Amino acid sequence: MSNTAEVVGSVPRVELSGIVKTYGGVRAIRNADLSVAPGTVHALVGENGAGKSTLIKILAGAERADAGSLQFNGEPVSITSTTDALGLGVQTVYQEPQLFPELSVAENVFVGRELRRGIRVDWAAQAEQMNSLLDTVGLDVGIATRTVGDLSIAQQQQVSIAKALAGEARVLILDEPSAILTDAEIDVLFAVIRRLTATGVSVIYISHRLDELFRIADVVTIMRDGETITTRPIGELTVREIAELMVGGVLAEPRADVEATRGDVVLQLDDMSLAGSFSEISLDVRAGEIVGLYGLIGSGAGEIASTIYGMQRPTGGRMLVRGEPVVLRRPSSAKKRGIHLLPANRSAQGSFSFQSIAFNITIGELHLLSRIKGWVQRRAERDIARNFITRLAVKTPSERQPISAMSGGNAQKVVLARQLVNRPELLVLVEPTQGVDVGAKEEIHRIIDDLASEGTAVLVVTSDLGEVLRISDRIIVIRSGEIAHEFTPDATQVEILAAAAGETHGSEEPS
Amino acid sequence: MTAVAHERASKPIVKRILPPPVTGQELVLVGVIAVLWVLLGIFTPSFLSPSSIQPLLVSVAPIALIGVGMTFIIITAGIDVSVGGAIALCAVVTAKLLVNYDVPLIVAVLVSMVLGTVLGLINGTLIAYGRVHAIIITFGTANIFQFFALRVFGSSTVNGIPSTLDVFGRGESGRTLGVPHSFAITILVVLIAWWYLRNTAGGRHLFAIGGNENAARLAGVKVQPRVVFAYVATGALVGLGACFFIAAGTSTLDQGVGAGRELAVIAAVVIGGTSILGGRGSVIGTLLGAILVQTVNSGVTQLGWPSQLANLFVGIFIIIAVGTDLLRERARRSRA
Amino acid sequence: MSGLTTQTVPKVRTQNTKRSIGGRALEALLTQRVVLLAVLIVLMLILMTVLDATGALSGSYNSDYLAASLINAVPLAMLGLAQLGVILSGRGGIDLSVGSMVSVTGIAFGMSYGLWGWNLPVAMIFAIVLGGILGGVNGALVSFVGFPPLIATLATFYAYRSIALVWSGQKPVNSTEIQSFYSAAKAIELPLIGSYLPLVPLGIFTFLIPVVLVVWILLNKTTFGRRIYALGTNDTAAAWAGINVRPNRFAVYVLSGVISGLVGIVTVAQFASARPDAGTSGNGMALPAITIAVLGGVAITGGIGRVSGVVLATILIVWLNAGILLAFPGNDGVQVQLLALGLVLVFASLLNGLTKRKYGGI
């Protein structure tokens, strides 16, 4: 049991080489190699869109590679489905737990592979295995009979891990496991991971929080633009060096030089807090200014945006619009104040899938569709829609097309158009170019520039490093629900990433 | 792989890893029923006599019996509003067999159950494999079943049903030691179903499907056959329940035998604490729900109130039962 | 290259660039429910006319007969439109209580107009407002408390049915005023062009057409309609777009109650008395109304459905039923109508599912 150190460096548990994956002409992975030794924690890092999740999906059997090979314990194997992957002992714990909230912890762990005695489920045998599993993932044995819906998110994640282990895990993939956890919960998670690797399980650990890698990872592989750049023992690197490798030598396009015609302060937050999400955030946005709010997943930046928009009431501090304190109960009252928001998740929060483009553009400002209150004039609707289709260069044969038939970039422009129908005083954009191709991304950035130069105050919440540097006049970095640092646009990507990922001066040595 | 566990094996092994066998909601229902019975006993002294309780139990039997199947279905997040039509068809076929063809009782009951099974299979297959919303499909099949039932009826009633069915009836021949046979059979079925839902993989999978169908599929649960099973089981119980309905009545069966029964069954299931959204439910709750509904029906009559007032109480009970559940759920979510 | 086997080309559905006319016609038939219903109505009329010509029918399937049968379309289409509203609003929207609301409001109208001596407009407003209140209870339970619509309206189905029966003492409400009100349901000849057309039941003009127009205007011409389609399509996105989801969802249940109130008045006129089981006898009125809505192309998941679909579906069912009554005289006809309704519903929902899978919408 204690020969793990010896095993490290011999035959890799799993080895991917020369992986290529294309989605409809876009290369998600150009060339990726990954070799994971038994009993180690192998971190996989890279910016959004670098290809991490695609690579993981290929290993988990959820996607099939176009080219490349896979070896398991030195033997060539083929993974064409999730069943193949499970058969090899490759288990994945996704960010969103796939659990049954009404069933007990024990049942969640064993569902679909119940141990049986006759037609009965063998509760005693399951209980025995549960005991050791719960022990391994650091949960109290008493929790086995609790209903999963009653547990905290962190406990649910531990249950997900237990579920993965019950299926004989030899490779455990953890996708951003720490994003939703508090610091104390992360400590528990790390203890679990250490216990697992001690028994020879290989862990592939994906995270944006670079600082924590030094506490848990043995080896790190860095991806950039669909390629694996390098694989190094973690001890050879610092947070800053990893950030540099992630970003590469590419210079971020600076903000096209701005004639800063700053107006009055439109939005001001004074020590605003939302329990469990962010605390004591103070910032302001002026007319004609673009402020970038940069934060990684789980940083609280998204919640700051939705609180400004009235989706939830802050639990502390206050918010001023044009110098006047306001309490927003719901988005409609935010819109009355001229605050509009482009939500992050287009399909869930933004688009009305089988409705027309015209419907999607005008739905937020129905009162503009006729001079008579409560009335809708088709012509007004059509004119507004056509106007924005032209202004934002939306590619579509007609405004009557359903939005579901459009590409990501065009659909995003339609949802963006909705926020512009009634000229906003403050426009909040959350991940404005997520899932959008490069061309449309540049167009959307130009639209944002134009809006600001027309005097709109813009707050862009993003986890895209290139984007925040490309469009912001000022960059505010959010980490763990607090403002970590404020940068000017001449900051480097490395500085920003390091601030967001948790470089705390001089405390980078591995534990 | 379990080295770590062994080294800490001093902790006690979990013996029972299921939720408790009886839920809080069921205890509350028992309490409500007890209070109602005591109150009714005070205001109409005859209520607690065997001659009042026995017919009550006979009327509970078919609702609770079919409710067991409906509980399975609703646990999978489905619904079956065709049971009224299915009851009518099974009942009339059984009655005709007994009256016109003189078949032995056991054969008639078996034919009824097989027929019910076939009807359930039709529903289940359309729903599981046609991927169509259960309520719409079963609204459709309800009409179709009703059509066939009316064809078999021919005239408006079936008369002269022989007394062999009295073994499930409300008379003396329908009881042993004072317990109505139909109710005893229902209790037996409830216990088997309770055991099945608790202790077998198939039973637990019904909960998994209703809780998160996609996750269940990913976990290797064979979703479609399990769903079909829930509808088939309901069909078979409808077949037996139809016999109970005939026996609970007179020697004449009329066309209205199934009308509105689907809603009565669903009401019993919902009052019993089964979530219409799927993933949670219990057959014991359904039995208690059926007893509560029939107690209200019987009590209203015995108090000399307009009998139709009973439905008002049923509606209110549904709102209270589901409403408290919603509030509890909301409290739970805000805690998490 | 042996390992991670390959093959690629994700299945991208080829857009309708070069497809045959037949293929496009099929798509129109499947995706445009109105087209399908119109074709079915024409086919059915041809079939019935042929049967009529061969003498297979017990009566004449002519325009007069069809016009007279439209009286059955009045409550059916109106309640179909009530279901259209609630189903459109999404989150499992459905209203099982419409039949019970019809009974209660019918009794309310019968009592106030026939027994208490209120004048006609006041009694009608009373019934309609009462319907709105009953619907409002459903709406409050669904949108403010969070009940699943199926359960909320199942509970009120029981409660309202009971109220109607207890209030009326389980007897129809009758008086000379109510009997003379029967004239509101009889057939009339249209002015000017009427002599060239068959006699059409008055209820079509006094109740059905106004309701169709109002619902059509509400759904297609007002901001309220837009909001209903929006929250039925995606209520999360609706909330992010600044729409107040709850009051709007509440309103469609009130609308369903108001329409039920109108149907309550209609049924009093039709039966010449206020029957406490007017909306709940037999299979009740909710089931046929839901059937009409689904047949009319309303997606049970919300956000999809049109007034024209519901109206055409009603006409199809009503004329089909009328034809069945001629082809199968007497009691048989009523039974075959059940079969037809059931088969049409199963067929329509399977078709909805197929269309959704094939073309990604209805």
Candidates B:G210, B:G169 - the one that is under 15 Å from B:T76 (Cα atoms) and under 20 Å from the mean Cα position of the chain (by Cα): B:G210
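Mind telling me which of the residues A:S299, A:S306, A:S273 ends up being modelled with pLDDT under 90 and either within 21 Å of A:L420 (Cα to Cα) or not charged (D, E, K, R) (or both)?
From the options A:S299, A:S306, A:S273, the qualifying one is A:S299.
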Odd one out for B:A267 among (1) touching a Phe, Trp or Tyr at 6+ places or on another chain (Cβ under 8 Å); (2) within 14 Å of another protein chain (Cβ to nearest Cβ); (3) surrounded by fewer than 24 Cβ atoms within 10 Å (Cβ to Cβ); (4) among the small types (G, A, S): (3)
Boolean, A:G263 is touching a strand residue (DSSP E or B) at 6+ places or on another chain (Cβ under 9 Å) and at pLDDT below 85: yes
Search result, residues across segment C:241-257 that are surrounded by fewer than 24 Cβ atoms within 10 Å (Cβ to Cβ) and in a helix (DSSP H, G or I): C:V245, C:R246, C:P247, C:N248, C:F250, C:A251, C:V254
Condition check for C:I292: of a type in the set (A, V, I, L, M, F, W, C), farther than 25 Å from C:Q337 by Cα and in a helix (DSSP H, G or I): no
Number of positions in segment B:76-120 that are closer than 22 Å to B:G154 by Cα and part of a loop (DSSP other than H, G, I, E, B): 4
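Conditions tested, residue by residue: (1) part of a strand (DSSP E or B); (2) of a type in the set (V, I, T); (3) out of contact with any Phe, Trp or Tyr (no Cβ under 8 Å at 6 or more places or on another chain).
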site	(1), (2), (3)
A:V468	no, yes, no
A:I483	yes, yes, yes
A:E486	yes, no, yes
A:D490	no, no, yes
A:L497	no, no, yes
A:A500	no, no, no
3 or more residues in contact (Cβ under 8 Å) with a residue 24 or more places away in the chain and within 21 Å of the chain's Cα centre (by Cα): qualifying helices (runs of 4 or more DSSP H) within segment C:21-72: C:33-53, C:63-69
Only one of C:A127, C:A68 that is under 19 Å from C:V263 (Cα atoms) and at pLDDT below 85: C:A68
Pairs, first within 14 Å of B:A230 (Cβ to Cβ) in segment B:188-215, second buried (at least 17 other Cβ atoms within 10 Å of the Cβ) and among the hydroxyl-bearing types (S, T, Y), C-beta under 6 Å, six or more apart: B:G203/B:Y196; B:L206/B:T76; B:I209/B:T76; B:G210/B:T76
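With respect to B:A184, is the statement that it is away from chain C (no Cβ under 14 Å), farther than 30 Å from A:L103 by Cα and without any contact (Cβ under 8 Å) to a residue 12 or more places away in the chain true? Explain how you work it out, then say what you get.
Values: away from chain C (no Cβ under 14 Å): yes; farther than 30 Å from A:L103 by Cα: yes; without any contact (Cβ under 8 Å) to a residue 12 or more places away in the chain: yes.
The answer is yes for B:A184.
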Extreme residue, nearest to A:V458 (Cα to Cα), among residues of segment A:324-345 that are within 11 Å of another protein chain (Cβ to nearest Cβ) and basic (K, R): A:K335
Residues that are in contact with a Ser or Thr (Cβ under 9 Å, 6 or more places away or on another chain) and without any contact (Cβ under 8 Å) to a residue 24 or more places away in the chain, drawn from segment A:360-385: A:L366, A:H367, A:L369, A:S370, A:K373, A:G374, A:W375, A:V376, A:Q377, A:A380, A:E381
Tally, over segment A:153-169, of residues that are more than 11 Å from A:P97 (Cα to Cα), at pLDDT below 80 and out of contact with any helix residue (DSSP H, G or I) (no Cβ under 7 Å at 6 or more places or on another chain): 1
Scan of segment B:146-164 for residues that are more than 8 Å from chain C (Cβ to nearest Cβ) and in contact with a Gly (Cβ under 8 Å, 6 or more places away or on another chain), ordered by number: B:A149
Conditions (1) more than 10 Å from chain C (Cβ to nearest Cβ); (2) in a loop (DSSP other than H, G, I, E, B); (3) aliphatic (A, V, I, L, M): number failed by A:A411: (2)
Cβ-Cβ under 6 Å pairs, at least 6 apart or on other chains, segment B:68-94 side of a type in the set (D, E, K, R), far side modelled with pLDDT of 95 or more: B:D80/B:I73; B:D80/B:T234
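Looking only at segment A:183-194, decide whether some residue is facing chain B (nearest Cβ under 9 Å), in a helix (DSSP H, G or I) and of a type in the set (D, E, K, R).
So the first thing to find is which residues in segment A:183-194 are facing chain B (nearest Cβ under 9 Å), and the list is none.
Among the residues of segment A:183-194, not one is facing chain B (nearest Cβ under 9 Å), in a helix (DSSP H, G or I) and of a type in the set (D, E, K, R), which makes the answer no.
Per-residue answers, yes or no, for (1) closer than 21 Å to B:V190 by Cβ; (2) buried (at least 16 other Cβ atoms within 10 Å of the Cβ); (3) out of contact with any Leu (no Cβ under 7 Å at 6 or more places or on another chain); (4) touching a residue at least 60 places away in the same chain (Cβ under 8 Å):
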position	(1), (2), (3), (4)
B:I276	yes, yes, no, yes
B:G279	yes, yes, yes, yes
B:S282	yes, yes, yes, yes
B:A310	no, yes, yes, no
B:E329	no, no, yes, no
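Residues are listed down the side, and each one gets a yes or a no for (1) of a type outside the set (D, E); (2) surrounded by fewer than 21 Cβ atoms within 10 Å (Cβ to Cβ); (3) without any contact (Cβ under 8 Å) to a residue 12 or more places away in the chain:
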site	(1), (2), (3)
A:I403	yes, no, no
A:S407	yes, yes, no
A:V421	yes, yes, no
A:L426	yes, no, no
A:G439	yes, yes, no
A:R446	yes, yes, yes
A:D450	no, yes, yes
Residue within segment C:320-335 that is modelled with pLDDT of 85 or more, on the phi > 0 side of the Ramachandran plot and of a type in the set (G, A, S) present: no
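Out of B:R280, B:R333, which single residue is part of a helix (DSSP H, G or I) and at pLDDT below 90?
Details: B:R280 fails: part of a helix (DSSP H, G or I).
Sole residue among the options that is part of a helix (DSSP H, G or I) and at pLDDT below 90: B:R333.
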Scan of segment A:134-171 for residues that are within 10 Å of chain B (Cβ to nearest Cβ), assigned to a helix (DSSP H, G or I) and within 30 Å of A:N73 (Cβ to Cβ), ordered by number: A:L134, A:D135, A:T136, A:K163, A:L165
Segment A:100-122, residues that are at the interface with chain B (Cβ under 7 Å from one of its Cβ atoms), without any contact (Cβ under 8 Å) to a residue 12 or more places away in the chain and farther than 14 Å from B:A219 by Cβ: A:R116, A:I119, A:R120, A:V121
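Can we say C:G297 is outside any helix (DSSP H, G or I), more than 10 Å from every other protein chain (Cβ to nearest Cβ), out of contact with any Lys or Arg (no Cβ under 7 Å at 6 or more places or on another chain) and over 25 Å from A:S333 (Cα atoms)?
Numbers: outside any helix (DSSP H, G or I): yes; more than 10 Å from every other protein chain (Cβ to nearest Cβ): yes; out of contact with any Lys or Arg (no Cβ under 7 Å at 6 or more places or on another chain): no; over 25 Å from A:S333 (Cα atoms): yes.
Answer is no for this residue.
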Selection from segment A:330-349 of residues that are modelled with pLDDT under 90 and either assigned to a loop (DSSP other than H, G, I, E, B) or closer than 18 Å to A:L426 by Cα (or both): A:A344, A:N345
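The values are calculated or read from the model by the stated rules, or taken from the named source; none is laboratory data. Fair warning: this is a prediction, and the values are worked out from it, not measured in the lab. So basically every Cβ, Gly included, is an ideal-geometry build from the backbone, and we count neighbours across all protein chains shown.
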